[in-house]
Amino acid sequence: MSSPKDDKKESLPSIPGCDTIIDLAVLKGDVLTAKVLNLIQALFPEYAENLDNIKLDRVSGALTNAVFFVNAVNKRRLLLRVYGNGVDQIIDRGNELAWLARLSSLSIGPKLLGIFGNGRFEEYLPSTTLTHHDIREPETSKGIAACLRELHDIATVYPFSAEKDHLEIWANIDKWYRVVMGLLPVLYKKSDGWDKVLETFNLELLPFEIEKCKQILEAAESPIVFAHNDTQYGNVLKLEKTNELVIVDFEYAGYNPRGFDIANHFCEWTYDYHSDQPASMDLGKYPSYEEQIRFLNAYLDTKSKHNNLGVLDKAVTVEDLQKEAAMWLMTSHLSWGLWGLIQASQSEIDFDYFLFSTQRLNAFRVEFAKWK
């Protein structure tokens, strides 16, 4: 089976596109609205017929991109995503778009409607976005587990190939570490005191710790799945008509060990991105053992929609799956810790990425010490 990268040219020709750039550092208010209107008229002439006015509503809580609802009288709502400054250092857009095409063919998630120089338009799904309280609610948590299992089982339709594909977690950690080390001079000067904090982390040790992590996690024997890799509550929608849960935003998606994706979701229980301290992690909110077991039982009880004999149907106890996720937890902390430092150096989004990063790197060292 081919890699998603092999399918890009084949899968995406019907998606309208252009090279227009929307610079949010320069474009504001009515000027931004006019720019987006012109872009819509260029990409979607049929939709834009008799369209001379739109309204943009920015969605709060997005940490990588700026996200807007595009509203117009007597027109369906669109979702506009403008990529964050410097995000190309973090995200492989070609890989993301190829996977979006595959997901669309499986009727999973919103449709990709159009692409421009630094962003895209997506189908808007009439829905409400979950909150940090919702993901703790027992039935909702079990619903998220079922959604995650459905995504993971896509690996039975598009299997991982060791010859053509890579694991996102190690590719990202290795890449983001190199980027961070190149950005250290910028980070040292970015804000008073950052240099002293960063020196305490002794980031030069990370390559040795990363290699040790790889050795430790080989023993976890976690199967390779199609992983979302960012199941925070803002990426889970409840559809208005059916109350069905839908996971969206596949920027970080790709092949990864099952244990990583589950642990990564558990980490999102510790954040409230709409609070007074949105970047602060509250480890006291990490799901208890009983809450983890409830989630994992729902995950294992979900029947595959894609293949009756997939790799995920291999017998595993819920206790084994809990340990698997516990072992991979350290890599979630490490990857987002590095991500946070890159964002801290350049993002224009109002979010304390430096605090976010240092807390995740601290948590990585705590978890790493349990297994080394």
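The values are calculated or read from the model by the stated rules, or taken from the named source; none is laboratory data. The shown structure was predicted, so the numbers you read here are calculated from the model rather than taken from an experiment. Here Cβ is always computed from backbone atoms with ideal geometry, including for glycine, and neighbour counts include all displayed protein chains.
Within segment 189-200, residues that are surrounded by 14 or more Cβ atoms within 10 Å (Cβ to Cβ) have Cβ atoms under 6 Å from residues that are of a type in the set (Phe, Trp, Tyr) in these pairs: ASP195/TYR188, counting only partners at least 6 apart in sequence or on another chain.
Listed by first and then second residue, the pairs with beta-carbon distance under 7 Å, at least 6 apart or on different chains, first residue in segment 274-288 and of a type in the set (Lys, Arg) and at pLDDT 95 or above, second part of a loop (DSSP other than H, G, I, E, B) and crowded, with 16+ Cβ neighbours inside 10 Å, are LYS285/TRP269; LYS285/THR270. Being acidic (Asp, Glu) and within 19 Å of GLY143 (Cα to Cα) is the filter here; which residues of segment 254-298 pass it? Result: ASP261, GLU268, GLU290, GLU291.
Each row is one residue, and each column tells you yes or no for (1) surrounded by fewer than 17 Cβ atoms within 10 Å (Cβ to Cβ); (2) not assigned by TED's automatic domain parsing to the domain that holds ASN235.
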{"site": "VAL87", "(1), (2)": "no, yes"}
{"site": "GLU96", "(1), (2)": "no, yes"}
{"site": "ALA101", "(1), (2)": "no, yes"}
{"site": "LEU106", "(1), (2)": "yes, yes"}
{"site": "LEU112", "(1), (2)": "no, yes"}
{"site": "ILE144", "(1), (2)": "no, no"}
{"site": "LEU151", "(1), (2)": "no, no"}
{"site": "ALA155", "(1), (2)": "no, no"}
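Within the group VAL225, VAL246, which residue is assigned by TED's automatic domain parsing to the domain that holds ASP272, under 23 Å from SER161 (Cβ atoms) and touching a helix residue (DSSP H, G or I) at 6+ places or on another chain (Cβ under 9 Å)?
Just a single option satisfies the conditions, and that option is VAL225.
Condition check ((1) at pLDDT 95 or above; (2) over 19 Å from the mean Cα position of the chain (by Cα); (3) under 29 Å from ASP276 (Cα atoms)) across all residues:
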residue: PHE68; (1), (2), (3): yes, no, yes
residue: VAL82; (1), (2), (3): no, no, yes
residue: GLY86; (1), (2), (3): no, no, yes
residue: ILE90; (1), (2), (3): no, no, yes
residue: LEU103; (1), (2), (3): no, no, no
residue: GLY109; (1), (2), (3): no, no, no
residue: ASN118; (1), (2), (3): no, no, no
residue: GLU123; (1), (2), (3): no, no, no
residue: LEU130; (1), (2), (3): yes, no, yes
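When segment 43-66 is limited to residues that are surrounded by fewer than 18 Cβ atoms within 10 Å (Cβ to Cβ), over 29 Å from the mean Cα position of the chain (by Cα) and not acidic (Asp, Glu), the one that is farthest from ASP92 (Cα to Cα) turns out to be ASN50.
Here's the yes/no breakdown for (1) among the aliphatic types (A, V, I, L, M); (2) free of Cβ contacts under 8 Å to residues at least 60 places away in the same chain; (3) not in a loop (DSSP other than H, G, I, E, B):
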{"residue": "LEU296", "(1), (2), (3)": "yes, no, yes"}
{"residue": "TYR299", "(1), (2), (3)": "no, no, yes"}
{"residue": "SER304", "(1), (2), (3)": "no, no, no"}
{"residue": "VAL316", "(1), (2), (3)": "yes, yes, no"}
{"residue": "GLU319", "(1), (2), (3)": "no, yes, yes"}
{"residue": "ALA326", "(1), (2), (3)": "yes, no, yes"}
{"residue": "THR331", "(1), (2), (3)": "no, no, yes"}
{"residue": "ILE349", "(1), (2), (3)": "yes, no, no"}
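Residues are listed down the side, and each one gets a yes or a no for (1) surrounded by 11 or more Cβ atoms within 10 Å (Cβ to Cβ); (2) part of a helix (DSSP H, G or I); (3) charged (D, E, K, R):
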| site | (1), (2), (3) |
| --- | --- |
| GLU204 | no, yes, yes |
| ILE210 | yes, yes, no |
| ILE216 | yes, yes, no |
| VAL225 | yes, no, no |
| THR231 | yes, no, no |
| GLY234 | yes, yes, no |
| LEU237 | yes, no, no |
| THR242 | no, no, no |
